[in-house]
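One structure is given below, encoded as structure tokens.
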Amino acid sequence: MKKTVFAVGFSALIVLALTFPFTRATAQKDRRFRALPANNEPFVPGRVLVKFRSNVGLDHARQIVASLGTREADTLPQIGLIVLDLPDQADEAAFAHALASRPDVEFAELDRILKPAEVTPNDPWFVNWEWHLRKIAAPTAWTTTTGKDTVIIAILDMGINGNHEDLASKMVPGWNVYNNTSDTSDTGGHGTTVAGTAAALSNNGTGVASVCWGCKIMPVRISDSTGSATYSSIASGLNWAADHGARVANVSYAPLNNSSSVTSAANYFRSKGGIVTVAAGNEGTFDSSANNPSMITVTATNTSDQLYAWSNTGNTIDLSAPGNVYTTDMSGGYSAGGGTSYSAPIVAGVAGLLFSINPNLTADQVENILKSSADDLGPSGQDSSYGFGRVNAARAVAMAAGPAPADVTAPSIAITSPQMGAMVSGVIPVSLQATDNVAVTSVTLSIDGFMVGTDVVAPYTFAVDTTAMAGGSHNIAASATDAAGNVSYASTSINVFLDTVSPTVSITSPTEGSKVSGNISVLVKATDNVSVSRVEFYVDGALQSTSTASPFSMNWNTRKVKAGTHTLQCKAYDSVGNLAWSPSVRVSK
């Protein structure tokens, strides 16, 4: 604190006059000055904080300070507070009480030392084993909320042991997508451990604590008895959970970012106001796929906030979270679990806390809070190892309890193909990569200022027909927009050349005058100055088949034609539509 000198007119801060130095000995002799009630909070020795009313003159206040033998150590003029250093051996509690009892004093108090506000659950495994909850500052978050039973976390997995002592009271009806029944019992154990990580019953003197112990759990079985799940079952499970009130869905399966089916279902879940968390995977590999804004992909960190060696990394990573937990298990007991399968439900649990403290938050706002409140690890800002950082429950809950944070961060966008200045012709693919701190809502592509189209789901790819363009340089421009309306841009150029050269094509087998029977292969030689896109095979002027890959060949069943002479011919096309006929070949059957 910066020391501030009194100025004329600053009458809010006055030091009360006492007629004698106040020591512990005098306090004991004079019962008018009893010590303040004791408590367990320590305080700074020799210090009292005091604020005085505004009707005491400044000069008189200074005389009092001097007569008491106290010293003005600091002031906080914004709130009218004086920090006093007391004489040696002064009784701080009695001194503060004496000051507070004066009519010209607004208040006086000890400068107490506080520990961080935390809720410590009485679950026996919490104290010694569940380091991951302290790492994400969950005990501080719990002082605000431990989750509400109106918020449901869906666990899409192998099922859950709903009779477990730390889960039974938390369950809401779920569904077995795999067998199309209501039987959601656990077939392998994975689902029960994941569920307990996110939302096991806590502070009940039994077992473990969890991230969001007040939230409910919805079991959605998506797998067969071995634990294997399909894209379709995961998508179906997300749809079912969204339609039955889940606000958070956790899928501890990987990889999911490249599935259009799962992405569509995740988008549907988000359209209902929910968040989908998924595991990054445990192969220790780098995933070069583009980030999927429809789901939050989570990798795993250890007690030192370093990535586990088996944690997958890559462009897909959004957040990181502890990857080693103690949790509920299928047998009805408790055991350790490790992997990104447990990092993901930790983030799911924090999302449940956010929806609990502020149910009006949108999915985009919750994701933005999770990312912007995370402890940034590794390189500054978002990176391919930790994403936006390791989740911090306390900071996230504090942000959710306040006004919804404004998203002022524009997406990032890059045109990955074609390369700058590439020579192109025909129909070409244009690929883009776009990411955002919350979510990319749309990507738009233009050529020379004219819009080609808009895509709303990654990966973002457009087909551009250059055949109608003039030869020479053309500008490709792309923009990415997020839900808050932030926009970013990227551009590149291509060189279109006009291909007017037709392919050359000939039938190399059978040869002119050959006699044929049964099934035969017709072999074709086709070349072009750029590329041959397809070759068509004709018999007596009728199209029989098409080949699109070199070496070009087609099967001809001569049993289906009459005996006699037949004319064979092929037609070859290049990518811009130039075509050529082969010389005819006559054969007999």
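The values are calculated or read from the model by the stated rules, or taken from the named source; none is laboratory data. Predicted model, so just to flag it, every value in this text is computed and none were measured. Glycine gets a Cβ as well: all are built from the backbone with ideal geometry, and neighbour counts include every protein chain shown.
Observations
- Scan of the range 407-423 for residues that are in a loop (DSSP other than H, G, I, E, B) and either within 17 Å of the chain's Cα centre (by Cα) or surrounded by 17 or more Cβ atoms within 10 Å (Cβ to Cβ) (or both), ordered by number: Asp407, Thr409, Ala410, Pro411, Pro418
- Restricting attention to the range 208-252, the residues that are touching a strand residue (DSSP E or B) at 6+ places or on another chain (Cβ under 6 Å), closer than 20 Å to Thr193 by Cα and surrounded by fewer than 24 Cβ atoms within 10 Å (Cβ to Cβ) total 2.
- The selection criterion, being in contact with a helix residue (DSSP H, G or I) (Cβ under 7 Å, 6 or more places away or on another chain), within 29 Å of Gly485 (Cβ to Cβ) and in contact (Cβ under 8 Å) with a residue 60 or more places away in the chain, does not hold for Ala414.
- Check on Val438, of a type in the set (A, V, I, L, M), over 24 Å from Val496 (Cβ atoms) and outside the structural domain of Lys371 (by TED's automatic domain parsing): yes
- Subset of the range 243-260 [under 12 Å from Ser294 (Cα atoms) and assigned to a helix (DSSP H, G or I)]: Ser260
- Every residue from the range 531-587 that is among the acidic types (Asp, Glu) and touching a Leu at 6+ places or on another chain (Cβ under 9 Å): Glu536, Asp540
- As a summary of the residue check, Ser373 satisfies the conditions (1) within 22 Å of Gly323 (Cβ to Cβ); (2) hydroxyl-bearing (Ser, Thr, Tyr); (3) in contact with a strand residue (DSSP E or B) (Cβ under 8 Å, 6 or more places away or on another chain) except for the one numbered (3).
- Ala406, sole failed condition from (1) under 30 Å from His132 (Cα atoms); (2) touching an Asp or Glu at 6+ places or on another chain (Cβ under 7 Å); (3) at pLDDT below 85: (2)
- Qualifying residues in the range 424-461 (those that are in a loop (DSSP other than H, G, I, E, B) and among the charged types (D, E, K, R)) - the one nearest to Ala290 (Cα to Cα): Asp436
- With respect to the conditions (1) surrounded by fewer than 24 Cβ atoms within 10 Å (Cβ to Cβ); (2) within 20 Å of Leu361 (Cβ to Cβ), Ala290 falls short on a single one, namely (2).
- Any hit, the range 132-154, residues being farther than 30 Å from Ser54 by Cα, in a loop (DSSP other than H, G, I, E, B), at pLDDT below 90 and not charged (D, E, K, R): no
- Positions within the range 358-378 being surrounded by 24 or more Cβ atoms within 10 Å (Cβ to Cβ) and assigned to a loop (DSSP other than H, G, I, E, B), in sequence order: Ala374
- Residue match in the range 337-354 (condition: touching a residue at least 12 places away in the same chain (Cβ under 8 Å), more than 30 Å from Met469 (Cβ to Cβ), over 16 Å from the mean Cα position of the chain (by Cα) and part of a loop (DSSP other than H, G, I, E, B)): yes
- Filter result for Thr263 (modelled with pLDDT of 95 or more, of a type in the set (Ser, Thr, Tyr) and outside any loop (DSSP other than H, G, I, E, B)): no
- Qualifying residues in the range 269-287 (those that are surrounded by fewer than 24 Cβ atoms within 10 Å (Cβ to Cβ) and either under 21 Å from Val172 (Cα atoms) or in contact (Cβ under 8 Å) with a residue 60 or more places away in the chain (or both)) - the one nearest to the chain's Cα centre (by Cα): Arg270
- The condition of being in a loop (DSSP other than H, G, I, E, B) and of a type in the set (Ser, Thr, Tyr) holds for only one of Ser185, Ser169, that being Ser185.
- Residue within the range 482-500 that is touching a Phe, Trp or Tyr at 6+ places or on another chain (Cβ under 9 Å) and surrounded by 13 or more Cβ atoms within 10 Å (Cβ to Cβ) present: no
- Flag if Ala309 is free of Cβ contacts under 8 Å to residues at least 40 places away in the same chain, in the same structural domain as Asn204 (by TED's automatic domain parsing) and assigned to a loop (DSSP other than H, G, I, E, B): yes
- All of (1) over 26 Å from the mean Cα position of the chain (by Cα); (2) surrounded by fewer than 24 Cβ atoms within 10 Å (Cβ to Cβ); (3) under 17 Å from Ile153 (Cα atoms) hold for Thr184 with one exception: (2).
- Considering (1) touching an Asp or Glu at 6+ places or on another chain (Cβ under 7 Å); (2) closer than 21 Å to Arg134 by Cβ, the lone condition that Arg395 does not fulfil carries the number (1).
- Taken together, Gly214, Gly207 contain a single residue that is among the small types (Gly, Ala, Ser), outside any helix (DSSP H, G or I) and in contact with a Lys or Arg (Cβ under 6 Å, 6 or more places away or on another chain), which is Gly214.
- Residue in the range 223-242 that is part of a loop (DSSP other than H, G, I, E, B), modelled with pLDDT of 95 or more and on the phi < 0 side of the Ramachandran plot present: no
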